[in-house]
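Working notes, structure below.
The values are calculated or read from the model by the stated rules, or taken from the named source; none is laboratory data. On a predicted model such as this, the values are computed, not experimentally measured, just so you know. Quick reminder, even Gly has a Cβ in these numbers, built from the backbone with ideal geometry, and neighbours come from all protein chains shown. Quick note on the areas: whole protein, heavy atoms, side chains included, nothing else; ligands and nucleic acids left out. Shrake-Rupley method; radii C 1.70, N 1.55, O 1.52, S 1.80 Å.
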Amino acid sequence: MNGVRGAGAALGSHRAARAWALVRGRATLMVGGAIVVAIVLIALLAPALVRYPPTEFHVKDRLASPSAAYWFGTDEFGRDVYSRVVIGTRLSILIGFVAMAVCMGAGTPLGLLAGYIGGWTDEVMMRGLDILMSFPSIIFGMLILTVTSPGPFKTAIAVGIVYAPTIARIARSVTLSIKEEDYVAAARSRGESHLYILFGEILPNTWAPLTVEASLRVTFAILAAAALSFLGLGAQPPETDWGLTIAEARKFMTSAPWIALFPGAAMCLTVVGLNLLGDGLRDALDPRLARRARG
Amino acid sequence: MGGYLARRVLYMAFTLWLVTLIVFCVTHLLPGNVAVMILGQYQNVEQLRALEAKLGLNDPLPVQYWRWLRGILHGDLGDSVVMERPVAPILWERIERSAPVALAALLVTALAGIVLGTVAAVHENRPVDHVASIVSFLGISVPEFFWGIVLILVVSGYFELLPSSGWVAPTKDPLGWLARLVLPVLTLALTLVAHTSRLTRSSMLDVLRSQYVRAARARGLSERSVVYRHALRNALLPTVTVLAGNFGWLMGGLVVVETVFAFPGLGGLLVFAIQQRDIPLVEAAIVVIAGFYAVANLAADVTYTYLDPRIRYSGTR
Amino acid sequence: MGSATPSIPDWRAGRAASPVADHPVLAVERLTVAYASEGGRVCAVDDVSFAIQRGEVLGLVGESGSGKSTVASAVIGLLAANATVEAGRVLIEGEDLGALSGEALRKLRGNRLGVVFQDPLSSLTPSIRVGAQIAEVLRAHRGLSAAAAERRAIELLASVEVPDPPLRARAYPHQLSGGMQQRALIAMALACDPDVLILDEPTTALDVTTQATILDLVADLKRRVRAGILYITHDMGVVARLCDRVAVLYAGQLLEEGIVEDIFHRPRHPYTKGLLASIPRVDRAQAGKRLPAIPGSIPRSGALPAGCVFGPRCPFAAAGCAERSQPRREPLRVRCERAAVLTGAPWPDAVPEAPGAAVDRATSGAGPLMRVRGLSKEFQQSGGLRRARRIVRAVDGVSLELRHGETLALVGESGCGKTTLGRMIVRLIDPTAGSVIFDGADLAALRGRALRRRRREFQIVFQNPDSSLNPRRRVGEILARPLIVFGLEERRHLFTAIGALLRMVHLPEEYVNRYPHELSGGEKQRVAIARALATRPRMVVLDEPVTALDVSVRASVLNLLVALQAEIGLPYLLIAHDLAVVRQVADRVAVMYRGRLCEVDVADAVFAPPFHPYTRALLSAIPVPEPAAARRVERVRLADMGIPSAGGRGCPFSGRCPVRIGPVCYEVAPPVRDLDGGHTIACHHELTTLGGDSR
């Protein structure tokens, strides 16, 4: 064996690179999943996790910095920030999930149908969705929430409607590519009904790419809902969610930054977890066959 | 190519028309009497009737719509109920203030996003890429209003480098004007740069793995030539589309950021109008914003044809 | 064409190949390349050695998984990131490539080493004009100025016979035809007068007639260029046409190497024998439809058999073959320890058919099973704002018959409409006009429930085995579905029925629970055939059933189809572009060009004069897997694109026809001349004129 070095790097660093890629893929999924699960648990168990009732005023201790008594400090009315953050988890997560559900629930069937039926129906649907997408999302949300009184559920639904076209486009393009596969043609040559072809042949093959794309877009929806909350169009006092808490805390940014920082950190953590989960899912579900070496 | 562009322009006009229709329908057909919304709950019947007559609310809807649309086409965007002045000049004034912010943010996004994404892709899996990945990951995970608040806290509060709010006319105090632009632009750009660089990176990676790049390398072309002449132009196609979409997000982001920084721009106007239930102002502002967005999309289409000769010559890929 | 830059050797100046010293220009010594994949180390190339002299063409033959592309990548120095050269070296003019720095290697590529890849469109950067891409190579390696490089690029395009080079140089890649794109790539590879030229399956993505012109070009280059040429392919016909020496790869190992006459007439390794025996021939009349086949399938790279890699499929295998890995035996240059013993032993013949079965079918007395009359399909191309919508006639008034128990082959190149026609017959596409009379009913006119009920009588097998089975369903479910849909079996009998289907296609019953990705290409295709047969159809359309399969697997799948037809008397409509396959298994043949029929006849007669001009060109374009014959043939040369016949009523072939009479060919539809026995030719020429040389 003379002259072993060729164009590729030495085998040692290859083993390391490959191992790292595998671990990194799984780690992303696991960490992301862990974070999301933890936050959902906190939301579910919130009443049990608070230390003080979130609406209780402790006027003596107002604007207190974090301490043993008040883990995250208190706000201008003396309310325990930690408890408010924990309780806020419920609404924030709920809004996020409802937005996601509306988004996927409205967008997926529309996209599937548009992709499958094709022709004029597809054209019309896509033009319609294009129109919807020509509104900046937050602004459309604001518009809807202006004319109906604002509230957390309405925010969620508004955001869901705004992002549904994006999901519909993705579902449509996935459907279009699967529609061309020969096994779909084989089903047609058996005279299968449209319903069977859509649900029996096409849909099972759309889960993977759709989940991957959707999990990445859903975080946009959640951030948009948070922004609307921040603008006062989400949860209304005395209910609380993170966006609202941050909005209320703006006045005290320099004097008592913890009031805004902790809910903000909680929000970031949630979105980071969701993004990690989405990335991890993509790494796991992507055709690994494509990356496998071809002999 | 002329045909392709003409088609896009017509389409844009059609879209805008539908936008006006939707805005009108949403404000007039959703539950809630417009006059009630304006006057609030504590009104008496005469005031209500007077306002309804003044606003022409007793006419059938299509007539109202046509009146409003005709006004728009003539540049008359109606009158603000709250300020009792024509809307158009108010809007224009605010647009002049917000435009530099939006354009600067877009420029910074385009440059920084494309550069960072390309660098990350070219140095894939090396430390530079990992750092860039982490930074961009944080960028997309943190809501922009939170960034803004943190920036205020750190830059204005702690280091006291820049003012945290307000606006001064550039003619009166150029430096002050510039200083007040920095933080809002930065806040907007942070999230957008993260998105754009991620997308550019992944698109660039795809292109770098493509067969024609491999063939170019097999011809012994320098890596620089391969990346910048062969790969980049084709990798930018999805980025261009996303930049146009970013413009739309930017409009929404303006609303949030101007609230955080108390910047009296278009976004602040919209929030004010909504809080005050000033329907004509809301309608006009939204239509104008949608108009800008549509123009941005058209610009993206033009750039697209420049980048991809397949569209230029045959109208389709 | 005096060169303005005398520093570039002008290989067009007709120099003879320089006298060959015993000094190979490319030498690969004991090369071993492995990939690091998720399943562990996968060896793609195992101890491969060969050498090429100047002016010589070495054919590297192999199927999928043979490692031929990896060898090419290793020579260029562009292996994937997870691949390593574990052993051996590559020498260009004695220089070890492994010892060169990355920068030195880069300077070598495109300069002393030219490469042409398989798919021309994806090898060209879509956003840069073709001429500019060629000029770029010249500027990078030869330091030419922009103007000089551009001029030289046009000269190069002319030298590879691209018509109107200045126009083509200004074009973008997608505006050129496949043949022209490949010529441009060849010009690019030759731009700096390389020492070594590598062609990696350059014609696989092209039509037969286009392929022939490119092969002619390469043969011509061989005479004029100083380089040693490495030609990678899986097509033995091309090898016979072009190569001086041949190296046979299988599962990463070099099994045999020799001069081309020896390889074809005196193959030594059982794999080579099997490969040559199992390839259908277009120049020989069939004696029975079955081919000698190589059993089994190619082992996956990560799961090679112990001992000899070919052992499990080898009919000559002895006890020792599975134990010991086979080293290379000098001086025979074969990796088989039994090669000397097996000298002269032929590959076992195919099982002969029952005599008389083939003959009777073609002239069966009963009327045809299916009669197609004037079938047409038009597609509209939307022109956007331009009102003129171009109508494309994919199929234009085709009429033919399918008789009981026969195989009718529909032949043509890409774009001729054969696939569209096949899909119209099974009503996957709705015809624009015409009728398909099947057993009394017009299939083209059926709708709704009536159509659904009749669907079980005609089924289709698709070309691509990877796409024809739903990846989320197990084999058992895939086979059960047609039985359920047509109510052919009760639930409790399903399992037995599926078992019977699997046995019919020679697959083990355990496959019921497997997913498609666990099967090889040939096995997937067998499942697709079983699925088509599940409804007990009265006719099956086979859309290029073996084109996507490896060469060594094609024969066994073809044999299966032939056997099934013999057993159940099932007629086939076989759509194919490979005339050799057609000659092997078809009873009657219909040749299509641009949506219309050129010629229809009994199989053997189509391959003998009189010919339709297109059939003649097609036949002369196919490289025969036999060296002397392949090089002797006088080719009918066709222009790459020709003038399109403007969709008029004239003959669709008139734009490219070498024996075109005149305006009548463009304007008037050619009469369908009927010889006896149902032989038809659509041409303005008289039949006596059309008798050309037979093969």
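Which number in (1) in a loop (DSSP other than H, G, I, E, B); (2) touching a Ser or Thr at 6+ places or on another chain (Cβ under 8 Å); (3) within 14 Å of chain B (Cβ to nearest Cβ) marks the one condition that C:D193 misses?
Result: C:D193 passes all but (2).
Residue-wise test of (1) assigned to a loop (DSSP other than H, G, I, E, B); (2) touching a Cys at 6+ places or on another chain (Cβ under 7 Å).
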site: C:A293; (1), (2): yes, no
site: C:L304; (1), (2): yes, no
site: C:G307; (1), (2): yes, yes
site: C:P312; (1), (2): no, no
site: C:P315; (1), (2): yes, no
site: C:R324; (1), (2): yes, no
site: C:L342; (1), (2): yes, no
site: C:P346; (1), (2): yes, no
site: C:D349; (1), (2): yes, no
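Look at C:V137 and say whether it is open to solvent by less than 50 Å² (accessible area, probe 1.4 Å), assigned to a helix (DSSP H, G or I), aliphatic (A, V, I, L, M) and within 16 Å of B:R217 (Cβ to Cβ).
In short, yes.
With respect to A:V159, is the statement that it is surrounded by 21 or more Cβ atoms within 10 Å (Cβ to Cβ) and β-branched (V, I, T) true?
Considered against the rule, which asks whether it is surrounded by 21 or more Cβ atoms within 10 Å (Cβ to Cβ) and β-branched (V, I, T), A:V159 comes out as yes.
Can you find a residue that is in a helix (DSSP H, G or I), at pLDDT below 80 and within 14 Å of chain C (Cβ to nearest Cβ) anywhere in the stretch A:52-71?
no
Looking at B:A273, B:A231, B:A244, can you tell me which residue is open to solvent by less than 30 Å² (accessible area, probe 1.4 Å), within 23 Å of C:A184 (Cβ to Cβ) and more than 8 Å from every other protein chain (Cβ to nearest Cβ)?
B:A231
Which one of the conditions (1) open to solvent by 10 Å² or more (accessible area, probe 1.4 Å); (2) in contact with a helix residue (DSSP H, G or I) (Cβ under 9 Å, 6 or more places away or on another chain) does C:L469 fail to meet, given that it meets all the rest?
The one condition C:L469 does not meet is (1).
So which strands (runs of 3 or more DSSP E) are wholly in the stretch C:543-608 and hold at least 1 residues that are crowded, with 20+ Cβ neighbours inside 10 Å and of a type in the set (D, E)?
C:596-602
Quick grid of which residues meet (1) more than 30 Å from C:Y515 (Cβ to Cβ); (2) in contact with a His (Cβ under 6 Å, 6 or more places away or on another chain); (3) surrounded by fewer than 24 Cβ atoms within 10 Å (Cβ to Cβ):
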| position | (1), (2), (3) |
| --- | --- |
| A:S193 | no, no, yes |
| A:P204 | no, no, yes |
| A:W207 | no, no, yes |
| A:E239 | yes, no, yes |
| A:T245 | yes, no, no |
| A:S255 | yes, no, yes |
| A:L261 | yes, no, yes |
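Which ones in the stretch C:52-73 are open to solvent by 30 Å² or more (accessible area, probe 1.4 Å) and under 24 Å from C:G110 (Cα atoms)?
C:Q53, C:R54, C:S69, listed by residue number.
Go through (1) modelled with pLDDT of 90 or more; (2) within 11 Å of another protein chain (Cβ to nearest Cβ); (3) over 18 Å from C:D244 (Cβ atoms) one by one and return the number of the condition C:K68 breaks.
It fails just one condition, (3).
Answer yes or no: is there a residue in the stretch B:170-187 that is among the hydroxyl-bearing types (S, T, Y), outside any helix (DSSP H, G or I), facing another protein chain (nearest Cβ under 8 Å) and surrounded by fewer than 20 Cβ atoms within 10 Å (Cβ to Cβ).
no
Kindly indicate the residue of the stretch B:1-27 that is within 14 Å of chain C (Cβ to nearest Cβ) and hydroxyl-bearing (S, T, Y) and also farthest from A:S137 (Cα to Cα) among those meeting that condition.
Applying the filter and picking the extreme gives B:Y4.
Please determine, by comparing only the residues of the stretch C:229-276 that are part of a strand (DSSP E or B) and touching an Asp or Glu at 6+ places or on another chain (Cβ under 6 Å), which one is farthest from C:D195 (Cα to Cα).
Top of the filtered list is C:Q253.
Under 6 Å by Cβ, and 6 or more places apart or on different chains, what pairs join a residue from the stretch C:79-92 that is facing chain A (nearest Cβ under 7 Å) with one that is open to solvent by 10 Å² or more (accessible area, probe 1.4 Å) and of a type in the set (F, W, Y)?
Pairs found: C:N82/C:Y35; C:A83/C:Y35.
What do you reckon, is C:L255 open to solvent by 10 Å² or more (accessible area, probe 1.4 Å) and closer than 30 Å to C:L221 by Cβ?
Considered against the rule, which asks whether it is open to solvent by 10 Å² or more (accessible area, probe 1.4 Å) and closer than 30 Å to C:L221 by Cβ, C:L255 comes out as no.
Need the failing condition index for A:V102 against (1) within 19 Å of B:I22 (Cβ to Cβ); (2) open to solvent by less than 30 Å² (accessible area, probe 1.4 Å); (3) more than 13 Å from chain B (Cβ to nearest Cβ), just the number.
(2)
Please name all residue pairs, on different chains or six or more residues apart, with Cβ atoms under 6 Å, provided the first residue is in the stretch B:280-304 and is among the aromatic types (F, W, Y) and the second residue is open to solvent by less than 20 Å² (accessible area, probe 1.4 Å).
B:Y293/A:S134; B:Y293/B:G248
Which residue, of A:K154, A:K179, is closer than 25 Å to B:L281 by Cβ and either away from chain B (no Cβ under 13 Å) or of a type in the set (D, E, K, R) (or both)?
Unique residue meeting the criteria: A:K154.
Yes or no: B:L161 part of a helix (DSSP H, G or I) and away from chain C (no Cβ under 14 Å)?
No: the conditions fail for B:L161.
Would you say A:L143 is farther than 28 Å from A:V37 by Cβ, within 12 Å of another protein chain (Cβ to nearest Cβ), in a helix (DSSP H, G or I) and free of Cβ contacts under 8 Å to residues at least 12 places away in the same chain?
Yes.
Answer yes or no as to whether C:D396 is among the acidic types (D, E), more than 10 Å from every other protein chain (Cβ to nearest Cβ) and part of a strand (DSSP E or B).
yes
I need the full set of residues from the stretch B:147-169 which are touching a Pro at 6+ places or on another chain (Cβ under 9 Å) and open to solvent by 50 Å² or more (accessible area, probe 1.4 Å), in order please.
If the condition is that a residue be touching a Pro at 6+ places or on another chain (Cβ under 9 Å) and open to solvent by 50 Å² or more (accessible area, probe 1.4 Å), then B:W167 is the only one that fits.
Going by the conditions given, is B:R214 more than 10 Å from chain A (Cβ to nearest Cβ), of a type outside the set (A, V, I, L, M, F, W, C), crowded, with 22+ Cβ neighbours inside 10 Å and in a helix (DSSP H, G or I)?
no
Please go through the stretch A:188-213 and pick out each residue that is at the interface with chain C (Cβ under 9 Å from one of its Cβ atoms) and acidic (D, E).
Correct list: A:E192, A:E201.
Just checking, which of C:A51, C:A99 is without any contact (Cβ under 8 Å) to a residue 40 or more places away in the chain and more than 9 Å from chain A (Cβ to nearest Cβ)?
From the options C:A51, C:A99, the qualifying one is C:A51.
Name the residue, out of C:G88, C:G131, C:G114, C:G98, that is part of a helix (DSSP H, G or I) and crowded, with 21+ Cβ neighbours inside 10 Å.
C:G131
Would you tally the residues in the stretch A:31-81 being touching an Asp or Glu at 6+ places or on another chain (Cβ under 8 Å), among the β-branched types (V, I, T) and closer than 26 Å to A:V272 by Cβ?
2
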